[in-house]
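Please read the structure below before turning to the comments.
The values are calculated or read from the model by the stated rules, or taken from the named source; none is laboratory data. Because the structure is predicted, anything quoted here is derived from the model rather than measured. For neighbour counting, all protein chains shown are included, and Cβ atoms are generated from backbone atoms with ideal geometry for every residue, glycine included.
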Amino acid sequence: MKLYLIAGGNLSREEFFFRVREALEGGVDWVQVRVKDPEESRSITREIKKLKEYFNFKLIVNDFPDVALKAGADGVHLGEGDPSPGEVRKFFKGIIGVSCYDDLSRARRAQEAGADYVAFGSLFPTETKKNYRIVKPQVILEARRVLKVPICVIGGIKRENIDQVLSLRPDMIAISSAIFLAPSPRREASFFKRKMLYYLSSKPLKEGK
């Protein structure tokens, strides 16, 4: 089970970098750069990549496979309106993740098209995105049953509901503002990481899940 930071927001370059580093110090396993301008995304991704000298983590670019390729990121995350996993795979050999919202059929298609993981959400109400759909827990449980690729959950995850999230046993838990915009990203990342490790030690996952 991996802790996946979604890093985005209207911050200075220095603040952005500082908060990513703090989250990595707290135990984050994956970092996604969610920046809407492709040139800014590429620049920030290249800066964050330098942290690989000190931390072992996967670096993902949101929306822009060409940016992921040019910046040397580990992967790209695709949503509605982005190229399909099959199209991206023609020129990008890294990790491909796909947002599936509350749609299990979309997840099946993404898996068949070569996605390396799929993401479901929003699990809870969130201020990070304006237009979102709440995904029912049953969708996650069914996805775990029928899909072979890792499953990521996202959306409104915070201290108060992390136990509910853990009970769904996802492969990855993606958290944005509750870590990235917290007064101490290190402390919050450490809290979520400890919760995940405790859950896994008390209720080990079966069959790779």
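Quick look at the values:
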{"read-out": "Filter result (under 18 Å from Thr128 (Cβ atoms) and in a loop (DSSP other than H, G, I, E, B)) within the stretch 144-156", "value": "Gly155, Gly156"}
{"read-out": "Residue within the stretch 142-149 that is in contact with a Phe, Trp or Tyr (Cβ under 7 Å, 6 or more places away or on another chain) and either crowded, with 18+ Cβ neighbours inside 10 Å or modelled with pLDDT of 95 or more (or both) present", "value": "yes"}
{"read-out": "Some residue of the stretch 157-164 being crowded, with 20+ Cβ neighbours inside 10 Å, part of a loop (DSSP other than H, G, I, E, B), modelled with pLDDT of 95 or more and at negative phi", "value": "yes"}
{"read-out": "Leading residue by the ranking (nearest to Lys58 (Cα to Cα)) among those in the stretch 85-98 that are in contact (Cβ under 8 Å) with a residue 24 or more places away in the chain and not aliphatic (A, V, I, L, M)", "value": "Gly94"}
{"read-out": "Yes/no for Lys130 being in contact (Cβ under 8 Å) with a residue 40 or more places away in the chain, basic (Lys, Arg) and out of contact with any Pro (no Cβ under 9 Å at 6 or more places or on another chain)", "value": "no"}
{"read-out": "Selection from the stretch 53-93 of residues that are in contact with a His (Cβ under 6 Å, 6 or more places away or on another chain) and within 20 Å of Arg109 (Cα to Cα)", "value": "Asn62"}
